[in-house]
Amino acid sequence: MITLSDNAIKVLQSRYLRRDRSGNLAETPDELFRRVAKAISSAELFWGDQDDAVKWEQEFYYLMSHLLFLPNSPTLMNAGTSLSQLSACFVLPVEDNMDGIFTTLKQAALIQQSGGGTGFNFSHLRPKDDIVTATGGTASGPVSFMKIFDSATEHIKQGGKRRGANMGILNIDHPDIEEFITSKSSEDTLQNFNISVGMYDEFMKVLEQNGNWKLIHPNTRQTVRSLPAKQIWDLIIENAWKTGDPGLIFLDTINEKNPVPGVGKIESTNPCGEVPLLPYESCNLGSINLSRLINGNEIDWNLMERIIDGAVRFLDNVIEVNHYATPEIKKIVTGNRKTGLGVMGWAELLIQLEISYDSDEAVALAGQLMQFIEQESREASVRLAAQRGNFPNWDKSIYYPGTPVRNATRTSIAPTGTISIIADTSSSIEPLFALVYQRHHVLNDESLLSVNSFFVNYLKRNNLFTDKILDQVSREGTAARVDELPEKVKALFKTAMDISPQRHLQHQVAFQKHTDNAVSKTINLPESATLSDIDGIFRKAWKEKAKGITIFRYNSKKRVTLETGIRSGIRSCKVCIE
């Protein structure tokens, strides 16, 4: 096992390592990786023998203990324990009756208690002040029920170790859409929700034509009222500028790529948007640590192929040994066998190759790399199907009647929150947030200070390091204003705030083109960003066939997850299943 960073050890001790009844640590990081490898490899016994299980246990242990691949947090926390709930995210339906609403709330509570995040589309609920014929009263509307779900989440720590996370979606044609758009204008409201507007292509076309948009009753399908599309759009832009919410989920684009249209229509995603899911579906995620795939001055494609093969098998095994909270979840998850293999360390891979994130070369490499992962993961799933059989709903999928595959989806780009801390690398496909930053709300009230080692080592290797430079970067979080550094170095180490929103989006789109599910990516904006800037990014994301879009303007929230430098005051935050 390789040596872990101090921050990785702190996170593992706080959230992942098992404890005895007295609360004392009962395992080491090495024992954690062995526990997970043994539990996941036990699935091999369904198709092979003990020798197969031992072989893959060793391979899974190698991939994790060398920080080449890590699964989502619930798998690390719960594999090999009595809880054994291993999935990161779920989508639950919300029906327009009290029994359905509170059954879903109960299911969400059980899921969050065991470590999973939940996504909901509230568009089937009747609008506020609608007459309820059974009682003669009036409906309170979707936002009121979202607040009930939020309150429940507030009192449930996921897996007893982290705060809950939800995605709340309301479709653009719902009569309560304006109330929904403004529902997070106060930071005290819906703190455990990300919210996104479910967007249709038709709305975007009406918007482009400056037309009126009809708001439709979800039950009667009658027009309740109509108003200028731009009026709704401007409200979305204004609130996204103020708080980062709402984002947009492009439902038509998502359903164009729905791998199992014969099973149902996708209406929602997980909390961070990287996995569009059918009702009751869950997804098991894992990420390749790209920062460890450099051999000399090149990407080690052979090692990446080995990791992909092991990771696809690992995630398929998770589906076998997983514990499912309800029969409905088990039926559809085992029917579609969706998995989501993604990446972390993208920014640090580019740094090692001396390619600026803010370059066309980086965007081109993003497409090449993700295409490789897409192709290899598909081939690995085909090989598993030959050994284990295709996923049961294959005949209702876009793959039928072609070559059978084991998994309806194989790839997804997740935020990688705390697992990127364990892997000691940059998160997901994001640029470096800062060269020095403080991470809040990861270990309760404790903050983690992170100094990018690639930056420090680069300066030392090129005889550029001085205490003066490090002091300035520590204060500001960025090297952009360090006069002593060459422009080439500043370009290589550009941070999120130094990179244009358009470039952020180009990276998202490049990865999305070769990703089965979706891409969780925050489009970072400077505090000076205008409403027009956000308008342009949202429109371009739709035209470029992104499945969703989220922006965050610096310093637009008081409660933060990341803060650049030591005293810069530049902040970033979204509700995230870490």
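The values are calculated or read from the model by the stated rules, or taken from the named source; none is laboratory data. A quick note: this is a predicted structure, and the numbers were derived from the prediction, not measured. Every residue, glycine as well, gets a Cβ built from its backbone with ideal geometry; the counts of neighbours run over all protein chains shown.
Are any residues in segment 176-191 surrounded by 22 or more Cβ atoms within 10 Å (Cβ to Cβ) and farther than 12 Å from Thr243 by Cβ, and if so, which ones? Walk me through it before giving the result.
Taking segment 176-191 first, the residues surrounded by 22 or more Cβ atoms within 10 Å (Cβ to Cβ) are 176-177, 180-181, 183-184, 190.
Hits for segment 176-191 are Asp176, Ile177, Phe180.
For the structure I just gave you, tell me whether Leu285 is at pLDDT 95 or above and closer than 14 Å to Cys89 by Cβ.
Yes: the conditions hold for Leu285.
Take the residues in segment 214-235 that are more than 15 Å from Ser123 (Cβ to Cβ) and among the hydrophobic types (A, V, I, L, M, F, W, C); name whichever of them is surrounded by the fewest Cβ atoms within 10 Å (Cβ to Cβ).
First pass over segment 214-235, keeping only residues more than 15 Å from Ser123 (Cβ to Cβ): 222-223, 225-231, 233-235.
From the residues that got through so far, the ones that are among the hydrophobic types (A, V, I, L, M, F, W, C) too are 227, 229, 233, 235.
Values: Leu227: 13, Ala229: 22, Trp233: 21, Leu235: 17.
Across segment 214-235, the extreme among qualifying residues is Leu227.
Among residues belonging to segment 112-128 that are hydroxyl-bearing (Ser, Thr, Tyr) and under 18 Å from Ser282 (Cα atoms), point out the one that is farthest from the chain's Cα centre (by Cα).
Among residues in segment 112-128 that are hydroxyl-bearing (Ser, Thr, Tyr) and under 18 Å from Ser282 (Cα atoms), the one farthest from the chain's Cα centre (by Cα) is Ser114.
Would you check which residues across segment 394-441 are among the basic types (Lys, Arg), at pLDDT 95 or above and not in a loop (DSSP other than H, G, I, E, B) and list them? Let's see the steps before the verdict.
Going through segment 394-441, the residues among the basic types (Lys, Arg) turn out to be 396, 406, 410, 439.
Then keep just the ones that are at pLDDT 95 or above; that gives 396, 406, 410.
Residue satisfying the conditions is Lys396 alone.
Going through segment 173-186 one residue at a time, which ones are closer than 17 Å to Thr550 by Cα and either over 26 Å from the mean Cα position of the chain (by Cα) or of a type in the set (D, E, K, R) (or both)?
Lys184
Given the structure, is Ile523 modelled with pLDDT of 90 or more and among the hydrophobic types (A, V, I, L, M, F, W, C)?
Here the answer is yes, as Ile523 does meet what is asked.
Filter segment 505-530 for residues that are farther than 17 Å from Pro246 by Cβ and of a type in the set (Ser, Thr, Tyr) and give the result.
Thr515, Ser528, Thr530 - these are the residues of segment 505-530 that are farther than 17 Å from Pro246 by Cβ and of a type in the set (Ser, Thr, Tyr).
Among the residues of segment 512-541, which ones are under 19 Å from Phe433 (Cβ atoms), in a helix (DSSP H, G or I) and touching a Lys or Arg at 6+ places or on another chain (Cβ under 8 Å)?
none
Of the residues that sit in segment 474-514 and are of a type outside the set (A, V, I, L, M) and in contact with an Asp or Glu (Cβ under 7 Å, 6 or more places away or on another chain), which one is nearest to Thr339 (Cα to Cα)?
That would be His514.
Exactly one condition in (1) in contact with a strand residue (DSSP E or B) (Cβ under 7 Å, 6 or more places away or on another chain); (2) without any contact (Cβ under 8 Å) to a residue 60 or more places away in the chain is not met by Ile294; state its number.
(1)
Any residue at all in segment 281-290 that's in contact (Cβ under 8 Å) with a residue 60 or more places away in the chain, assigned to a loop (DSSP other than H, G, I, E, B) and either within 18 Å of the chain's Cα centre (by Cα) or closer than 19 Å to Tyr62 by Cα (or both)?
yes
Tell me, which strands (runs of 3 or more DSSP E) lie completely within segment 200-280 with 2 or more residues that are over 27 Å from the mean Cα position of the chain (by Cα) and closer than 30 Å to Ile131 by Cα? Quick ask: steps written out before the conclusion?
Values: elements: 212-216, 223-228, 247-250.
Correct list: 212-216, 223-228.
Taking Ile148 as the residue in question, decide whether it is hydrophobic (A, V, I, L, M, F, W, C), closer than 15 Å to Pro246 by Cα and either buried (at least 21 other Cβ atoms within 10 Å of the Cβ) or in contact with a helix residue (DSSP H, G or I) (Cβ under 8 Å, 6 or more places away or on another chain) (or both).
Taking the combined requirement at face value, the residue does not satisfy it.
Of the residues Leu485, Leu505, only one is touching a Leu at 6+ places or on another chain (Cβ under 8 Å), modelled with pLDDT of 85 or more and more than 29 Å from Asp188 (Cα to Cα); which? Don't jump to the end; show me each part of the working.
Values: Leu505 fails: touching a Leu at 6+ places or on another chain (Cβ under 8 Å).
Going through Leu485, Leu505 in turn, the sole match is Leu485.
Count, please, the residues in segment 278-304 that happen to be more than 18 Å from Ala366 (Cβ to Cβ), of a type outside the set (S, T, N, Q) and surrounded by fewer than 19 Cβ atoms within 10 Å (Cβ to Cβ).
2
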